[in-house]
Amino acid sequence: MRGNLLIFRLDWISIFLLLFLISFGWVNIYSTTVGNDLSGPLLDLGTFYGKQLFFAILSLIIVILYSFIPDQFIERFSSVFYLIGIALLLGLFVFGKTIAGATSWYDLGPFNFQPSELMKMIVALALAKYLSDTQVNLRYSAHQGYAVLLLVLPSILVIAQPDPGSALVFFSLFLVLFREGLPLYYLTFVLSFILAFAATLKFGLTYTFIGTIALYLSYLWVKPKQLKTPTWFNISYPVILFAVIASTTWVYNSVFKQHHRDRFSLWLNLETNQDRLLDIKQSIGYNTYQAKQAIASGRWSGKGFLEGTRTKGDFVPAQHSDYIFSSVGEEWGFISSAIVILAFVALLLRFIYLADRQKKAFHRIYGYGITSILFIHFGINIGMVLGMLPTIGIPLPFFSYGGSSLLFFCLMCYIFLKMDANRLKTHFD
Amino acid sequence: MSRFFYSLVIIIVGLLFIGKLVSLQLFYEESNIVESDPAITKNYLYPERGFIYDRNGNLLVGNQPAYDVMVTPREVASLDTLEFLKLLDLEKEEFIDKMARARRYSTRLPSVLVANLSKESYAALQEKLRRFQGFFIRKKSLRDYYTTSAAHVLGYISEVNADDVRRNDYYIPGENIGRTGLERQYEQVLRGKKGVSYVQKDRFNRVIGPYKEGSLDSLPEMGKNIHITIDKTLQEYGERLMNGKRGGIVAIEPKTGEILSMISGPTYDPSLLVGRERSANYTAMYYDSLSRPTWDRSILAQPSPGSPFKALNALVALQEGAINPRTIYTCDEGFYVAGVKRGCHCGGGVRDLNSGLLHSCNAYFAESFRSFYRKFETTTEAHDTWEAHMKSFGLGNFLGTDLPTGAPGRIPSTEFYDRAYGRNRWVSTFVISNAIGQGEVAATPLQLANMTAAIANRGHFITPHLIKEVEGENSIDYKFREKRYTTIDEKHFDPVIKGMEAVYTSGTARFLQVPGIRLAGKTGTVENYTRIDGEKVQLTDHSVFVAFAPVEDPKIAIAVYIEHGYYGNRYAGHIASLMIEKYLKGEITRVDLEKRMLEKTLAKEYAKPTSKKPFEINEYAW
């Protein structure tokens, strides 16, 4: 029967979007790293684009191999994977290879392997495994604590590398927790601290203080009667919030390092000293400035493939990795850049749709997990390249150069697509 | 939280990004995407500047290559400095200093190590240059002069300044522009059109290849050669005659208005303003405030014209019927103005037009001037008529010649005297000095020559000009071919020209005849004053002379003005007659006269006003 073959049950909309992103991503890696000599073979492992092509093919092979592994395997062993992943992250402290200041890689001869890329997928699996247990209910604080620990443990390990960008990815899995019933006021809790911190920096202590009191009082005024929050929360929330506001200046000046302060001051436009501002713009802001100029100069339809003058001149640092979207903007222009953004949005929405049609909780939660991971990469990376967010080093999935990253993103998505393909079948198992 | 909330967040983020892309890409403020791109550099390819030839096809100005030794500090490998310095003729300290300066400017971009290397050093260096990594030669083009004359006419080129760049977007800093003279006037023709090549650079500003495979590039177009009306031989001869004298000589071919020579004394060798010594030479000349070699007296000096003006006043009086050639006035070795006697050098007696001109009788011209004014109801009417006649000879205003500088001279108008004396408060006696070319009138040597050409042509002239031909263009500007008529009828010229010829045969210039050539001319001796310590002091008269020849078919009209040369034929007359002979015959028969003029200088005369000692003027002693 035709319909019984896996290949016909896969969600081809997702696969089409993935193939588009991967191939267009590779085209841009080629353009940013090829230089002037176009005569070399495409699969030249001495070049960035050659390596990336190799990893694209490797991803395809691994994905095909994975097709023969039953879904139960991955569910059953996800806790083991988690332990292996933690071990790999710990092993970095001993055997890790340092590139650009971060000890995030294992040296495997011709290639480097970045376990944190693998860990993203593993944490999504582990979280799904834990939350899909019928015994677990996120209304209990013990279960809340255990779920949060699953995320925080790898976060601490990657922050220590240091790779705060990847840590942010693990935190994005909080979105899954909220989807699975973690009370929403936690989100309010965290978001309001971040907002209060930024507002204090921007508007000063007094204004933020007055503004916060006004907001809190008006919140109490309009609060719906049926909304019940625990008493400890009602008391501790304002206390902690005001503590955050009061300590902001101290944290900013004493805990933050200068390069953190510079990123914040550039983002929030805090610097008043013109010379210092220029200084920041030329150092921290250089990337963002060059990226924005490169994108802007692409206008409607771009300068054409391999015709991006700033891309050729290597003006945007890290233009083949974190800043690759600048090359898309310059060489392909507004139309193609918007198509890329729309393709990401479509993929994310499709994944949410697929996740919700799963019969098994494990599959649904995993689906939300990888959607959150992809979303945080997409949102932070493009937000950073377009200058809307402070600089945080995090790759753009399927686009940025990086073998481990491409391989595990592909595998991560395919695991989910295979679950989806088998969703009816598993029902009878 | 529901799935719709998650979907909404994703859609909002996507829309925010697209909105940001719209504001970045679709409202990009740079209008020219290629020019504003830091990754693209526009390089210019410079054409050779057009050559300048004289009227007979002799090359006056060409180009010479010059070589700058450039260095890119980053690429310099270890080298045999001893040999290198020997090749460049450079001291060790200087080399170290220049390398340090180059490194300070940029380690990746080339700087000039040694500018304007001579051809010989270049030849020696070129063979061995490949052994010295990081050094290369940049070739450029400098002006090369094939004459030591005509510096003022040719002008010079110099680097553009901030003003030039602002005014004209063709130029960028570091390029040359014609600064004065013909180089400036015909800048657009001579410079050609520079070519462009766009190159792609990386973020270290290193060239990584052509932009768009050179599809936007263009080749330079060479500047056009020009032929000018100057006669190289006559120009050089005139400058030799001006040895040690200050003043101007302008010779014009009356039929065409072509300027045969245009000389200012003192002058300088144009090649002084080229190459390594340019700055020092220019400064030295610029600060020579006594002899002012950079000041072109042939077009900028505006002395009173003196007696040559009498010919013009005679023409005006004839035209208006105030006199006829037989009208006589008596010269009492002077004439009376409002009861005060003013002197005349002519010796006295009864004068008609002919003898008035040949003896240069002040009384005759003062009387005819007065009778001209008497023809009119009011002084204003008379003066306006006089002014119009004068101006029709190209006096009192810019002539419109093809040089960027010039001076208008002065023909005083009614308003001029109204301002000085009050409306209706002056009469002809107030302005009678104009009758003999003194007083308020002023003219440049160029205007005097042009006026003479108009007389030689019997009533018209063609705007004097220097351009003869621009190679590749059909004809010169129409304004240099068009006849400009004076307001005097042709018939009135005959008696005046006859008088001017008599100046040579029996008058003030009777010792200056050129054997075998009929000349017509007029001497001028111009009183002049200066201020020394705030006191008005009279100085030795300027020597002025205008002439044209041959009378029957004028081929040259000339005006010579020698500062403080005393009476008209003493210097100006001699020089004019030598110039005419040289031009018409090609050789000088009066060798003694030539020798005297070449050797005599007026240094003693020029030293008088600044000597701080009392001095005599108008000394006969040579």
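The values are calculated or read from the model by the stated rules, or taken from the named source; none is laboratory data. Small disclaimer: the values here were computed from a predicted structure and weren't measured. Every residue, glycine as well, gets a Cβ built from its backbone with ideal geometry; the counts of neighbours run over all protein chains shown.
Do any residues in segment A:182-198 that are outside any helix (DSSP H, G or I) have Cβ atoms under 9 Å from those of residues that are modelled with pLDDT of 80 or more, where the two are at least six apart or on different chains, and which pairs are they?
A:Leu182/A:Gln144; A:Leu182/A:Ala147; A:Leu182/A:Val148; A:Leu182/A:Phe174; A:Leu182/A:Val176; A:Pro183/A:Gln144; A:Leu184/A:Phe178
Looking only at segment B:162-169, decide whether some residue is small (Gly, Ala, Ser), within 14 Å of another protein chain (Cβ to nearest Cβ), free of Cβ contacts under 8 Å to residues at least 40 places away in the same chain and surrounded by fewer than 18 Cβ atoms within 10 Å (Cβ to Cβ). So that I can check it myself, show each step before the final result.
Filtering segment B:162-169 for residues small (Gly, Ala, Ser) gives B:162.
Filter once more, keeping what is within 14 Å of another protein chain (Cβ to nearest Cβ): none.
No; the residues of segment B:162-169 include none that is small (Gly, Ala, Ser), within 14 Å of another protein chain (Cβ to nearest Cβ), free of Cβ contacts under 8 Å to residues at least 40 places away in the same chain and surrounded by fewer than 18 Cβ atoms within 10 Å (Cβ to Cβ).
Here is a list: A:Ile376, A:Ile324. Which entry is more than 10 Å from chain B (Cβ to nearest Cβ), among the β-branched types (Val, Ile, Thr) and more than 23 Å from A:Tyr130 (Cα to Cα)? Reasoning before the result, please.
Working: A:Ile376 fails: more than 23 Å from A:Tyr130 (Cα to Cα).
The conditions single out A:Ile324.
Can you find, within segment A:353-362, the residue that is farthest from the other protein chains (Cβ to nearest Cβ) among those that are farther than 29 Å from A:Ile159 by Cα and not charged (D, E, K, R)? Break it down stepwise before answering.
Keep residues of segment A:353-362 that are farther than 29 Å from A:Ile159 by Cα, which gives A:353-361.
Then keep just the ones that are not charged (D, E, K, R); that gives A:353-355, A:358, A:361.
Values: A:Tyr353: 8, A:Leu354: 11, A:Ala355: 8, A:Gln358: 12, A:Ala361: 15 Å.
Ranking the qualifying residues of segment A:353-362, first place goes to A:Ala361.
Could you tell me whether any residue of segment B:128-137 is within 30 Å of B:Gly155 (Cβ to Cβ) and either under 36 Å from the mean Cα position of the chain (by Cα) or in a strand (DSSP E or B) (or both)?
Yes, segment B:128-137 has at least one match.
Whether any residue in segment B:294-308 is in contact (Cβ under 8 Å) with a residue 24 or more places away in the chain and in contact with a Cys (Cβ under 8 Å, 6 or more places away or on another chain) is what I want to check. Walk me through how you get there before you give the answer.
Let us first name the residues in segment B:294-308 that are in contact (Cβ under 8 Å) with a residue 24 or more places away in the chain, namely B:294-308.
Next, only the ones that are in contact with a Cys (Cβ under 8 Å, 6 or more places away or on another chain) stay: none.
No, segment B:294-308 contains no residue that is in contact (Cβ under 8 Å) with a residue 24 or more places away in the chain and in contact with a Cys (Cβ under 8 Å, 6 or more places away or on another chain).
Out of the residues in segment B:176-202 that are touching a residue at least 24 places away in the same chain (Cβ under 8 Å) and of a type in the set (D, E, K, R), which is farthest from B:Gly275 (Cα to Cα)?
Step by step, filter segment B:176-202, then rank; the result is B:Asp202.
Tell me yes or no: at least one residue of segment B:579-587 is in contact with a Phe, Trp or Tyr (Cβ under 6 Å, 6 or more places away or on another chain) and assigned by TED's automatic domain parsing to the domain that holds B:Asn243.
The initial filter retains those residues of segment B:579-587 that are in contact with a Phe, Trp or Tyr (Cβ under 6 Å, 6 or more places away or on another chain), namely B:582.
Narrowing the set further to residues that are assigned by TED's automatic domain parsing to the domain that holds B:Asn243 leaves B:582.
Checking segment B:579-587: at least one residue is in contact with a Phe, Trp or Tyr (Cβ under 6 Å, 6 or more places away or on another chain) and assigned by TED's automatic domain parsing to the domain that holds B:Asn243.
Restricting to segment B:249-268, name every residue that is of a type in the set (Gly, Ala, Ser) and closer than 23 Å to B:Arg590 by Cβ.
Going residue by residue through segment B:249-268, those that are of a type in the set (Gly, Ala, Ser) are B:251, B:257, B:261, B:264-265.
Hits for segment B:249-268 are B:Ala251, B:Ser261, B:Gly265.
Could you tell me whether any residue of segment A:391-408 is out of contact with any Cys (no Cβ under 8 Å at 6 or more places or on another chain), in the same structural domain as A:Tyr49 (by TED's automatic domain parsing) and more than 19 Å from A:Val169 (Cβ to Cβ)?
no
Name the residue that is farthest from A:Ala167 (Cα to Cα), counting only residues in segment A:379-413 that are within 14 Å of chain B (Cβ to nearest Cβ) and aliphatic (A, V, I, L, M).
Per the criteria, the residue is A:Leu386.
Assess whether A:Ala355 counts as being assigned by TED's automatic domain parsing to the domain that holds A:Ile392, among the hydrophobic types (A, V, I, L, M, F, W, C) and touching a Lys or Arg at 6+ places or on another chain (Cβ under 7 Å). Please lay out each step first, then the result.
Values: assigned by TED's automatic domain parsing to the domain that holds A:Ile392: yes; among the hydrophobic types (A, V, I, L, M, F, W, C): yes; touching a Lys or Arg at 6+ places or on another chain (Cβ under 7 Å): yes.
Answer is yes for this residue.
Quick check on segment A:239-258: of everything there that is surrounded by 14 or more Cβ atoms within 10 Å (Cβ to Cβ) and within 16 Å of A:Leu191 (Cα to Cα), which residue is farthest from the chain's Cα centre (by Cα)?
A:Phe242
Restrict the check to segment A:286-304 and report whether at least one residue is of a type in the set (A, V, I, L, M, F, W, C), touching a residue at least 60 places away in the same chain (Cβ under 8 Å), buried (at least 19 other Cβ atoms within 10 Å of the Cβ) and not assigned by TED's automatic domain parsing to the domain that holds A:Ala196.
Within segment A:286-304, one or more residues are of a type in the set (A, V, I, L, M, F, W, C), touching a residue at least 60 places away in the same chain (Cβ under 8 Å), buried (at least 19 other Cβ atoms within 10 Å of the Cβ) and not assigned by TED's automatic domain parsing to the domain that holds A:Ala196.
When you scan segment B:97-122, how many residues do you find that are exposed (fewer than 12 other Cβ atoms within 10 Å of the Cβ) and at pLDDT 85 or above?
Of the residues in segment B:97-122, 3 are exposed (fewer than 12 other Cβ atoms within 10 Å of the Cβ) and at pLDDT 85 or above.
Yes/no per residue for (1) in contact with a helix residue (DSSP H, G or I) (Cβ under 7 Å, 6 or more places away or on another chain); (2) charged (D, E, K, R); (3) not in a helix (DSSP H, G or I):
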site	(1), (2), (3)
A:Lys120	yes, yes, no
A:Ala128	yes, no, no
A:Leu131	yes, no, no
A:Gln135	no, no, yes
A:Gln144	no, no, no
A:Ala147	yes, no, no
A:Val158	yes, no, no
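Given the structure, is A:Leu168 assigned to a helix (DSSP H, G or I), of a type in the set (A, V, I, L, M) and in contact (Cβ under 8 Å) with a residue 40 or more places away in the chain?
Here the answer is yes, as A:Leu168 does meet what is asked.
Let's see how each residue does on (1) within 23 Å of A:Ile382 (Cβ to Cβ); (2) within 23 Å of the chain's Cα centre (by Cα):
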position	(1), (2)
A:Phe189	no, yes
A:Phe197	no, yes
A:Val222	no, no
A:His260	yes, yes
A:Tyr289	yes, yes
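Can you find a residue that is touching a strand residue (DSSP E or B) at 6+ places or on another chain (Cβ under 6 Å) and part of a loop (DSSP other than H, G, I, E, B) anywhere in segment B:277-295?
First, pick out the residues of segment B:277-295 that are touching a strand residue (DSSP E or B) at 6+ places or on another chain (Cβ under 6 Å): none.
No: zero hits.
Are there any pairs with C-beta distances below 7 angstrom linking a residue in segment A:334-352 that is more than 7 Å from chain B (Cβ to nearest Cβ) to a residue that is outside any helix (DSSP H, G or I), with the two at least 6 apart or on different chains, and if so which?
Matching pairs, first to second residue: A:Ile335/A:Trp300; A:Ile335/A:Ser301; A:Ser336/A:Gly302.
So for segment B:186-200 (the condition being surrounded by 15 or more Cβ atoms within 10 Å (Cβ to Cβ) and under 16 Å from the mean Cα position of the chain (by Cα)), does at least one residue qualify?
Yes, that holds for at least one residue.
In the set A:Ser372, A:Ser327, which member is in a helix (DSSP H, G or I) and outside the structural domain of A:Phe48 (by TED's automatic domain parsing)? Even if it seems obvious, please write down each step before you answer.
Details: A:Ser372 fails: outside the structural domain of A:Phe48 (by TED's automatic domain parsing).
A:Ser327 is the lone residue from the list that is in a helix (DSSP H, G or I) and outside the structural domain of A:Phe48 (by TED's automatic domain parsing).
Report every pair of residues separated by at least 6 positions or lying on different chains whose Cβ atoms are under 8 Å apart, first residue within segment A:78-95 and in the same structural domain as A:Lys129 (by TED's automatic domain parsing), second of a type in the set (Ser, Thr, Tyr) and in a helix (DSSP H, G or I).
Note: pairs meeting the criteria are A:Leu89/A:Ser116.
Within segment A:353-387, track down each residue that is out of contact with any helix residue (DSSP H, G or I) (no Cβ under 6 Å at 6 or more places or on another chain), within 30 Å of A:Ala296 (Cα to Cα) and surrounded by fewer than 20 Cβ atoms within 10 Å (Cβ to Cβ).
Scanning segment A:353-387 gives a single hit, A:Gly383.
List pairs: first in segment A:305-318 and at the interface with chain B (Cβ under 8 Å from one of its Cβ atoms), second in a loop (DSSP other than H, G, I, E, B) and not hydrophobic (A, V, I, L, M, F, W, C), Cβ under 6 Å, 6+ apart or cross-chain?
Sorted first by the residue in segment A:305-318, then by its partner, the pairs are A:Thr309/B:Asp37; A:Gly313/B:Asp202; A:Gly313/B:Arg203; A:Asp314/B:Asp202; A:Asp314/B:Arg203; A:Phe315/B:Arg203.
Among A:Thr206, A:Thr212, which is the only one that is assigned by TED's automatic domain parsing to the domain that holds A:Ser247, at negative phi, surrounded by 15 or more Cβ atoms within 10 Å (Cβ to Cβ) and in a helix (DSSP H, G or I)? Steps first, answer last, please.
Details: A:Thr206 fails: surrounded by 15 or more Cβ atoms within 10 Å (Cβ to Cβ).
Answer to the check: A:Thr212.
Applying the selection to segment B:571-613, what residues are acidic (Asp, Glu) and closer than 23 Å to B:Ile252 by Cα? Walk me through it before giving the result.
Filtering segment B:571-613 down to residues acidic (Asp, Glu) leaves B:581, B:587, B:592, B:594, B:599, B:605.
Across segment B:571-613, the qualifying residues are B:Glu581, B:Glu587, B:Glu594.
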